[in-house]
Amino acid sequence: MKLLDASAIFAELGHPARLAIVKELVKVGADGLNTGLIGKKLDMPNSTLTHHIRRLESVGVVEREQVAQCLVCRMNVSILKSLSNYLLDACCTQSKKKAC
C-alpha cells in the first residue's frame, strides 16, 4: 500500500459515523449487513447512511451488493489488512530495543 492510498483510507475512517459503520461490518465479517439494519443499529437516517457508505466504498473499504431487494454491505477485509500492515511492517525497525 502506498502513502497516498493509506492517507485516503484513514481520511474516510476519520469520521465517527464511517468508523462506526466499519466497526459494525467488521463484527459480521463476510456475511455483511443490509443497509436497513446498519441504519437501525446506528440510529442513522438512510440518506446519511448512504452518503457515508459511498465514501467508504470510494476508497475500497466497503463493498455493496444487491441481494434480492436488500443492499448488503461488506467490509473489504483485504484492504483493512493492507492498511494494518502498512503501519505495522515498519514497527520497531529503527528501535534499539526491538520491543516488537
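The values are calculated or read from the model by the stated rules, or taken from the named source; none is laboratory data. The structure displayed is predicted, hence computed values, not measured ones. Heads up, the Cβs are rebuilt from the backbone with ideal geometry, glycines too, and the neighbour counts pull from every protein chain shown. The protein model used for the area step is the full one, side chains on, heavy atoms only, and it has no ligands, DNA or RNA in it. Shrake-Rupley method; radii C 1.70, N 1.55, O 1.52, S 1.80 Å.
Values computed for the structure shown
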item	result
Of all residues in region 52-70 being more than 18 Å from A20 (Cβ to Cβ) and aliphatic (A, V, I, L, M), the one that is nearest to the chain's Cα centre (by Cα)	V67
Region 37-60: number of residues that are within 23 Å of K81 (Cβ to Cβ), of a type outside the set (G, A, S) and touching a residue at least 24 places away in the same chain (Cβ under 8 Å)	6
Among (1) out of contact with any helix residue (DSSP H, G or I) (no Cβ under 9 Å at 6 or more places or on another chain); (2) free of Cβ contacts under 8 Å to residues at least 12 places away in the same chain - the single one N34 does not satisfy	(2)
Qualifying positions in region 39-77 - open to solvent by less than 30 Å² (accessible area, probe 1.4 Å) and in a helix (DSSP H, G or I)	G39, L49, H52, I53, L56
Per-region count, region 69-86, residues without any contact (Cβ under 8 Å) to a residue 40 or more places away in the chain and out of contact with any Gly (no Cβ under 6 Å at 6 or more places or on another chain)	6
Check on A90, touching a residue at least 40 places away in the same chain (Cβ under 8 Å) and loosely packed, with under 13 Cβ neighbours inside 10 Å	no
Selected residue (only one of A30, A11, A17 is assigned to a helix (DSSP H, G or I), at pLDDT 95 or above and open to solvent by 60 Å² or more (accessible area, probe 1.4 Å))	A11
Selection from region 1-45 of residues that are within 12 Å of the chain's Cα centre (by Cα) and charged (D, E, K, R)	E12, R18, K23, E24, K27
Residue check for E65: within 20 Å of A11 (Cα to Cα) and of a type outside the set (S, T, Y)	no
